[in-house]
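The values are calculated or read from the model by the stated rules, or taken from the named source; none is laboratory data. Note that the structure is a prediction, hence the values are computed from the model and not measured. Cβ atoms come from the backbone with ideal geometry, glycine included; neighbour counts cover every protein chain shown. Just so you know, the surface numbers come from the protein's heavy atoms only, side chains and all, with ligands and any DNA or RNA stripped out. Shrake-Rupley method; radii C 1.70, N 1.55, O 1.52, S 1.80 Å.
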Amino acid sequence: MEITELMTPVFCGVDWAEDHHDIALVDAGGKQLAKVRITDDAAGFGQLTALLTEHGDSEGAPIPVAIETSRGLLVACLRATGRPVFAINPLAVARYRDRHSVARKKSDAVDAAALANILRTDMAAHRPLPADSELVQAIAVLARAQQDAVWDRGQAHNKLRSQLREFYPAILEAFAQHKHGLCSREARTILAAAPTPTMAATLTRRRLQALLKQAGRVRGIQAEADRIHEVFQRDYLHQLPQVEAALGQQTSALLRQLNTACHNADQLEEATAQTFDDHPDAPVIRSFPGLGSLTGARVLAEIGDDRSRFATAGSLKAYAGSAPVTRASGKSCVVMSRRVKNQRLAAVGYVWAFVSLTRSPGARAHYDRRRKAGDRHVAAQRNLFNRFMGMLFHCLQHGHAYDEATAFPHQQSAQLSAEAA
């Protein structure tokens, strides 16, 4: 839906709060038509919709609503009615408030009126919330929760590792080369059975084999048990006995937090992948090198499935933070990386670009070219991510799957020339 279609003679501003909301309606001339406070429940929402209907709201010409958040039940219900909802940054609202009053006192009613006037004067400078499908909104909830769970898991792992460095170097050495380190099931199972180095030194090879089987290991159990047993029998520095016992109890508490974080991340990953596979855009997104069900779900969660949300590939690249930004003033002109961006999409973008280096010859050649041109690793990855975002925009708009020859024609031509020679 284009902004020109959203223009109406009445504009609504909502100052959101936890248990109530202040509503203000203004007309095209800036005259305030209504000012009311509603409760944060079904009765309050009914009061809001009745007020909008009273001032000309209809299905064909809905009154646009400005609010300082993009989440919550009120926003969800407003979006469900098909009404254009604009999420305005609170800092922007504070700047607009200064246009009407030099006093620095904050008022909920004044903020609601300021929000309505933002739409009245500068609606074209703001974007309404995208009209994403219900399925992609569910994917966004799961993908973001899974990403948060991964970050929580990393934080819990770092706390536990920092604790173990104080008194338990043997367990760190035993799993230093493991792919998942202390987050592996083997490490967590053994640490639960022996939370102190003194207890670890008493573990027999047979006991270690049983613990490895309990953790789910099926191959190389005896060799792994012998290796861990040898590590635990080495000579290490120790804390005083009572201090070590106390640290062991603290370690057990931190281990329980890590176990919970690992379980949450794994469970949400499975749910996210299953929900993502049901979306019609999933085959197109998964066709790109470096994108699987989880990373693809994170990408879809942030860009949505509203095709009118991004008018051009450039706007999508700017939203992802992959496109550079130019700062020019007088004779000064600086091109730098974009700091204001969707941080979640940018985070998965670096993972996407990194994995694609081993999945796509064209991506690898593009990365190597950027490195030879003087880009550092992160800049070369960001440039590759920027190119992938342009391809993704085109593929989603036309329903095409990724094609290596079309994506990197120069690399394809070079390979053909090499084969011919």
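Some points to look at:
- Any hit, the range 90-107, residues being surrounded by 11 or more Cβ atoms within 10 Å (Cβ to Cβ) and on the phi > 0 side of the Ramachandran plot: no
- Taking the criterion of being under 23 Å from the mean Cα position of the chain (by Cα), open to solvent by less than 80 Å² (accessible area, probe 1.4 Å) and among the polar types (S, T, N, Q), the residues of the range 326-354 that qualify are Ser337, Asn342.
- Single match in Ser360, Ser329, Ser356, Ser322 (criterion: closer than 21 Å to Leu294 by Cβ, out of contact with any Pro (no Cβ under 9 Å at 6 or more places or on another chain) and among the polar types (S, T, N, Q)): Ser322
- Pairs, first more than 13 Å from Tyr168 (Cα to Cα) in the range 217-242, second open to solvent by less than 70 Å² (accessible area, probe 1.4 Å) and polar (S, T, N, Q), C-beta under 8 Å, six or more apart: Ile221/Gln209; Gln222/Gln209; Ala225/Gln209
Each row is one residue, and each column tells you yes or no for (1) over 31 Å from the mean Cα position of the chain (by Cα); (2) at pLDDT below 90; (3) farther than 26 Å from Asp305 by Cα; (4) part of a strand (DSSP E or B).
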| residue | (1), (2), (3), (4) |
| --- | --- |
| Cys12 | no, no, yes, yes |
| Asp15 | no, no, yes, yes |
| Ile23 | yes, no, yes, yes |
| Gly46 | yes, no, yes, no |
| Ala50 | yes, no, yes, no |
| Thr53 | yes, no, yes, no |
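- The range 314-341 residues that are of a type in the set (Phe, Trp, Tyr), paired with ones that are not in a strand (DSSP E or B) (beta carbon under 6 Å, 6 or more apart): Tyr319/Asn342
- All of (1) under 21 Å from Val284 (Cβ atoms); (2) surrounded by 17 or more Cβ atoms within 10 Å (Cβ to Cβ); (3) at pLDDT below 95 hold for Met391 with one exception: (3).
- The range 29-44 - residue that is in a loop (DSSP other than H, G, I, E, B) and within 38 Å of the chain's Cα centre (by Cα) and, of those, surrounded by the most Cβ atoms within 10 Å (Cβ to Cβ): Asp40
- Among the residues of the range 177-210, those identified as under 36 Å from the mean Cα position of the chain (by Cα) and of a type in the set (A, V, I, L, M, F, W, C) are Leu182, Cys183, Ala187, Ile190, Leu191, Ala192, Ala193.
- The C-beta contact set for the range 182-201 (first residue under 18 Å from Glu224 (Cβ atoms), second residue of a type in the set (Gly, Ala, Ser) and open to solvent by 30 Å² or more (accessible area, probe 1.4 Å), distance under 6 angstrom, 6+ apart or interchain) comprises Arg185/Gly216.
- The sole residue among Arg359, Arg382, Arg370 that is over 15 Å from Phe310 (Cβ atoms) and under 22 Å from the mean Cα position of the chain (by Cα) is Arg382.
- Screening Lys159, Lys179 for residues that are exposed (fewer than 15 other Cβ atoms within 10 Å of the Cβ) and part of a helix (DSSP H, G or I) leaves exactly one candidate, Lys159.
- Of all residues in the range 144-167, those that are under 12 Å from Leu254 (Cβ atoms) have Cβ atoms under 6 Å from Cβ atoms of residues that are open to solvent by 40 Å² or more (accessible area, probe 1.4 Å) and part of a helix (DSSP H, G or I), 6 or more apart or on another chain, in Ala156/Gln257.
- Condition check for Ala124: without any contact (Cβ under 8 Å) to a residue 24 or more places away in the chain and farther than 19 Å from Glu18 by Cβ: no
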